[in-house]
Amino acid sequence: MDGGTFDCFYWEEAVLKEKKRIVVKVGTSTLTHDSGGLDLRSMERLARTLADLHGLGHEVILVSSGAIAVGTEKLGLPERPRELRMKQAAAAVGQCRMMHIYDKLFSEYNQSVAQILLTGDDVEDPVRAEHLRGTFSALLEMGVIPVVNENDSVSSAEIETGRHKVLGDNDTLSAIVAGLCEADLLVLLSDIDGLYDADPKTHPDARLLHRVVELTPEILEMAGGAGTWRGTGGMATKLSAARVAMAAGFDMVITNGARTEDLYGIVEGQDIGTRFVAVSRGA
């Protein structure tokens, strides 16, 4: 083996070590306008960035919210339904529209996608969970980006409160999926830059925390209430997802979904948003 071939071999090995399996969760507020209609510009940026990350050699899984909000707008309803069966019907309509748009956008970058809809039973039951691992593994091997959501048409875990929940919200769902797929990194794209030590809307001097190595009582107290009417989650659900991620051995980052291009720097380990460091990796 000559010197050039030797150097090339180790360069390729180093590059391969940097390849990551990434789960990206995008919230409803990032995907839709205030009216509830799809924000096509935001979705296009997301598809372009994820397809490019895949082209760089990373394995990508997308967890996408938004089905009920999009279905509500598509059906011409004046507001988000309150009755469970109407919420589930809106979710069915919205999920269909969202996957149609995702398929068109990713196809522009020669990237195939697949739809996976989950319920709590799917991840709780060992046999079903093993089948899921196999499905994710096969899709990733074939270069497909799975697009995951909770199956709201048959599950009430997220859209109804006061019941037994396994998934409960798509922040938690994304952490469970990341653990199931043995991901290296989970990124939550939200409508906020990360975790602050105070509410930045009411405290202009609030400080963004770039790195969290332990979910102390003080950190947990920083979680506020729910987000906008279009979504269901808030910082509390994100910290719950962080607990799952850190215990499972992979980092989780909260960042602003308005800057999808920040995903490149996040994958490289830059201080963007708030990174919750996995327990096994230490401080």
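The values are calculated or read from the model by the stated rules, or taken from the named source; none is laboratory data. The model shown is predicted, which means the values in this text are computed figures rather than measured ones. Positions of Cβ are backbone-derived with ideal geometry, glycine not excepted, and every protein chain shown enters the neighbour counts.
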For this session: Considering only segment 80-121, state which residues are farther than 16 Å from Leu38 by Cα and assigned to a loop (DSSP other than H, G, I, E, B).
Result: Pro81, Arg82, Glu83, Glu108, Tyr109, Asn110, Gln111, Ser112, Thr119
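Restricting to segment 56-107, what's the tally of residues that are at positive phi and touching a helix residue (DSSP H, G or I) at 6+ places or on another chain (Cβ under 8 Å)?
We begin by selecting, within segment 56-107, every residue at positive phi; these are 57, 66, 76.
Pick out the ones that are also touching a helix residue (DSSP H, G or I) at 6+ places or on another chain (Cβ under 8 Å) and you get 57, 66.
The total comes to 2.
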For this session: Report, by residue number, each residue of segment 43-75 that is without any contact (Cβ under 8 Å) to a residue 60 or more places away in the chain, under 28 Å from Ala92 (Cβ atoms) and surrounded by fewer than 19 Cβ atoms within 10 Å (Cβ to Cβ).
Result: Lys74, Leu75
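List the helices (runs of 4 or more DSSP H) that sit entirely inside segment 167-283 and contain at least 3 residues that are within 14 Å of the chain's Cα centre (by Cα) and at pLDDT below 95. Break it down stepwise before answering.
Values: elements: 170-180, 217-221, 235-248, 262-267.
The qualifying helices (runs of 4 or more DSSP H) are 170-180, 235-248.
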For this session: Quickly run through segment 121-141 and pick out the residues that are free of Cβ contacts under 8 Å to residues at least 12 places away in the same chain, among the hydrophobic types (A, V, I, L, M, F, W, C) and either closer than 27 Å to Lys104 by Cβ or surrounded by 13 or more Cβ atoms within 10 Å (Cβ to Cβ) (or both).
Result: Ala138
